[in-house]
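Bear in mind that the values in this text are calculations on the coordinates, not laboratory data. All of these numbers come straight from a predicted model, not from anything done at the bench. Cβ coordinates were reconstructed from backbone atoms using ideal geometry, including for glycine residues, and neighbour counts include every protein chain displayed.
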Amino acid sequence: MLASPQRTVFGAALFAAGLTIAAVAAVGTGCGGPKYPNCENDGQCNAGGHKGVCLDGKCVDCRSDDACGSGKECVRGACKAIEGYCDDKSACEGGKVCGSDHRCKKELATESGPTECDEEHPCKGPGERCQNGRCYSPPKAPGCEDFAAPKFSYESAEVTDVSKATLERLAKCLTSGGLKGRKVLLTGHCDARGEYEFNMGLGAHRAEAIKDLLLTLGVGAGQISTSSRGKLDAVGTDDNGYANDRRVDIEIR
């Protein structure tokens, strides 16, 4: 028996409706993929008006600190303000100083004492030169003279390979050479850009980086002291001048 046209149309309509219901049910039960905030990839976290990244099967705000911007860090998928964060626009409070890691610190290694010399008041002793406001006479020891001040990149305390070669020679002189047993003062400097407090902290951090390297090369901790003058002695007005300002002076005592 042949089906009437009306029955054929009605059957087709029921079939289409069944497919629609099945599709809706499939979406509702997750057959088309995980339901937000569950995820398998970043694309699923940026659909339906959402924004984020997929981390351990969940849509979150961030996967690393880079996604959070200045002054924030990524903590378990959420961007949160860094406690004690500082930079040249966010100064520290309560007498603290801003370190090169952009954290406010309680203490700062500085060298105090009256100024003995400057450009208008040169040193008068034989062989003396003015260094960090004091008259300094470099020791005379064959092979242990003229230690070039380590230089640094902008806002960095990372010791360069060129400086490491100088420090290896210095360490050898202090441990077994002509300067054996002598002490050394390391004074960190910065260029004139940035806030005073930040640069004082950065200068101290640079001096500590040189100290840490000397310690690994066998120099005794009691032989090394550090200080910072920040940008107090900065004279540069261009890239070359700035590069010379970013240094750690080496003073044998």
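Available extension along the chain between Lys89 and Ala221 is 44.0 nm, counting 0.36 nm per residue and deducting the alpha carbon span. Karplus-derived 3J(HN,Hα) values for segment 214-223, using 6.51 cos²θ - 1.76 cosθ + 1.60 with θ = phi - 60°, are 5, 5, 5, 8, x, 6, x, 4, x, 8 Hz; glycine and proline are entered as x. Checking the Cα-Cα distances for Lys151/Lys231; Lys58/Lys80; Lys80/Lys211 against a 25 Å cut-off, the pairs over it are Lys80/Lys211.
In this label model, Val235 and Asn46 are separated by 5.2 nm, measuring between points 7 Å along each Cα→Cβ vector.
Sequentially through segment 143-156, phi angles give Karplus couplings (6.51, -1.76, 1.60; θ = phi - 60°) of x, 10, 10, 6, 8, 5, 5, x, 9, 9, 6, 4, 6, 10 Hz, Gly and Pro residues having no value and appearing as x.
Using a simple spin-label model with pseudo-atoms 7 Å out from Cα toward Cβ, Ser153 and Ala141 lie 3.3 nm apart.
Of the peptides 228-237, 36-45, 52-61, the order by per-residue mean of other Cβ atoms within 10 Å, starting with the highest, comes out as 228-237, 52-61, 36-45. What residues from segment 119-149 fall in the zone where the backbone N is under 17 Å from a label point 7 Å along the Cα-to-C-beta line of Arg169? Flagged as within label range: 138-149. Annotation: amide H-H contacts under 5 Å for Lys58 (H modelled 1.01 Å from N, sequence separation of 5 or more, or interchain): Cys39.
Sorting the segments 187-195, 64-72 by their mean number of nearby beta carbons within 10 angstrom, highest to lowest, gives 187-195, 64-72.
When DSSP beta bridges are restricted to pairs lying wholly in segment 103-234, around 40% turn out antiparallel.
Coupling constants for segment 233-248 follow from the phi torsions by the Karplus curve (6.51 cos²θ - 1.76 cosθ + 1.60, θ = phi - 60°), and in residue order they are 9, 5, 10, x, 10, 9, 4, 5, x, 4, 4, 6, 6, 7, 8, 10 Hz; glycine and proline get x.
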